[in-house]
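Data first, discussion second: the structure below is written as structure tokens.
The values are calculated or read from the model by the stated rules, or taken from the named source; none is laboratory data. Please read these numbers as outputs of a predicted model, since none were measured by experiment. Using ideal geometry, Cβ is built from the backbone for each residue, glycine included, and neighbour counts are taken over all protein chains shown.
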Amino acid sequence: MKLTNKIGVIVDSFGVGVRQGLIKAKEVGAEGVQIYAVSGEMDPANLDAAARKELKDYIASLGLEISALCGDLGGHGFQDKTVNAEKVEKSKRIMDLAVELGTNVVTTHIGIVPDDPNSEVYEAMHKACEELSQYASSMNAFFAIETGPETAAHLKAFLDTLSSKGVSVNFDPANMVMVTGDDPVEGIKLLKDYIVHTHVKDGIRNREVDPRAVYGALGYEPMDHAKIAEMVSSGEFFKEVPLGEGKVDFDAYFAAIQEIGYQGYLTIEREVGDQPEADIRKAVEFIKRYR
């Protein structure tokens, strides 16, 4: 098996700011970068046309390209209809920025898709995603939902109800292993028509957990909320680990990626640990072993 996919890294994982993070990405051997574009210096409202051109030129001068922007706005995604108009508008501006910077992918979390398609929350999420899907499609671009909050089959069922593939998938195998216990290889096959970006991450599941305790959900307030939150943060339920040290079967996972013909980025995400640069460098080398 020989992977041909380019390797990306999330700039923010280095924890040193955007410019230094870009330099670090180049130093560890990445070919592309994903950047959070929600607040601060990367908020679309804080980047005028000149600043956007300068940033694009700077990234190109490093020999890098942007694999995606991250447009996750938090707050349970698009579950709350009272704030969705503002969030949808902000998401569109992030998409505009992405296209100007040379990528057509914005990754995001939309919130956990409810089981009941007739529920108010499902309706709110569907309405927001339909609007975003049409906007993205008009630009030949994608809002890519990160896997993890629900099973691949449930996510596919939701995506199948949208009128276009403007809302698609950012596939993260570790989230599935850690939270839902879903099989990433089967997930790849199920979601093959929607995958436009991937995160490469590894993890271990220690015990079953309600995804709502991890990602939150509108109206979800368990009596022992503080205790559950502590259990999640302490790693009692699951733990993210360096690539190759967890339960993601990367031999089978990368084979599945090839099988479906995915040609996009494999973007390394490292959300924990006190040596992110060392972990990311190892992750780049780990992926290169499959080339």
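Some notes on this structure:
- The requirement of being surrounded by 16 or more Cβ atoms within 10 Å (Cβ to Cβ) and in contact with a Phe, Trp or Tyr (Cβ under 7 Å, 6 or more places away or on another chain) is fulfilled nowhere in the range 257-268; no residue meets it.
- Number of positions in the range 138-149 that are in a loop (DSSP other than H, G, I, E, B) and within 15 Å of LEU190 (Cα to Cα): 2
- The set of residues from the range 104-137 being more than 18 Å from ARG93 (Cβ to Cβ), part of a helix (DSSP H, G or I) and not aromatic (Phe, Trp, Tyr) comprises GLU120, VAL121, GLU123, ALA124, MET125, HIS126, LYS127, GLU130.
- Residues (of a type in the set (Asp, Glu), over 17 Å from the mean Cα position of the chain (by Cα) and surrounded by 13 or more Cβ atoms within 10 Å (Cβ to Cβ)) located in the range 269-284: GLU277, ASP279
- Residues in the range 232-283 that are in contact with a strand residue (DSSP E or B) (Cβ under 8 Å, 6 or more places away or on another chain), farther than 24 Å from LEU22 by Cβ and assigned to a loop (DSSP other than H, G, I, E, B): 8 in all.
Residue by residue, here is whether (1) modelled with pLDDT of 95 or more; (2) under 28 Å from VAL83 (Cα atoms); (3) of a type in the set (A, V, I, L, M); (4) within 17 Å of the chain's Cα centre (by Cα) holds:
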residue: VAL185; (1), (2), (3), (4): yes, no, yes, no
residue: LEU190; (1), (2), (3), (4): yes, no, yes, no
residue: ILE195; (1), (2), (3), (4): yes, yes, yes, yes
residue: GLY203; (1), (2), (3), (4): yes, no, no, yes
residue: GLU208; (1), (2), (3), (4): no, no, no, no
residue: PRO211; (1), (2), (3), (4): no, yes, no, yes
residue: VAL214; (1), (2), (3), (4): no, yes, yes, yes
residue: TYR220; (1), (2), (3), (4): no, yes, no, no
residue: LYS227; (1), (2), (3), (4): no, no, no, no
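- The condition of being surrounded by fewer than 17 Cβ atoms within 10 Å (Cβ to Cβ), under 14 Å from ALA128 (Cβ atoms) and under 17 Å from the mean Cα position of the chain (by Cα) holds for only one of GLY75, GLY71, that being GLY75.
- Taking the range 150-231 as the region of interest, none of the strands (runs of 3 or more DSSP E) fully inside it holds 3 or more residues being hydroxyl-bearing (Ser, Thr, Tyr), buried (at least 20 other Cβ atoms within 10 Å of the Cβ) and touching a residue at least 60 places away in the same chain (Cβ under 8 Å).
- Selected residue [crowded, with 16+ Cβ neighbours inside 10 Å, within 22 Å of GLU146 (Cα to Cα), out of contact with any helix residue (DSSP H, G or I) (no Cβ under 6 Å at 6 or more places or on another chain) and of a type outside the set (Asp, Glu)] from ILE35, ILE66, ILE10: ILE10
- The residue of the range 69-113 that is farthest from PHE158 (Cα to Cα), among those that are among the polar types (S, T, N, Q), touching a residue at least 12 places away in the same chain (Cβ under 8 Å) and out of contact with any helix residue (DSSP H, G or I) (no Cβ under 8 Å at 6 or more places or on another chain), is THR103.
- Considering the conditions (1) surrounded by 19 or more Cβ atoms within 10 Å (Cβ to Cβ); (2) more than 12 Å from MET139 (Cα to Cα), ARG93 is excluded by exactly one of them, (1).
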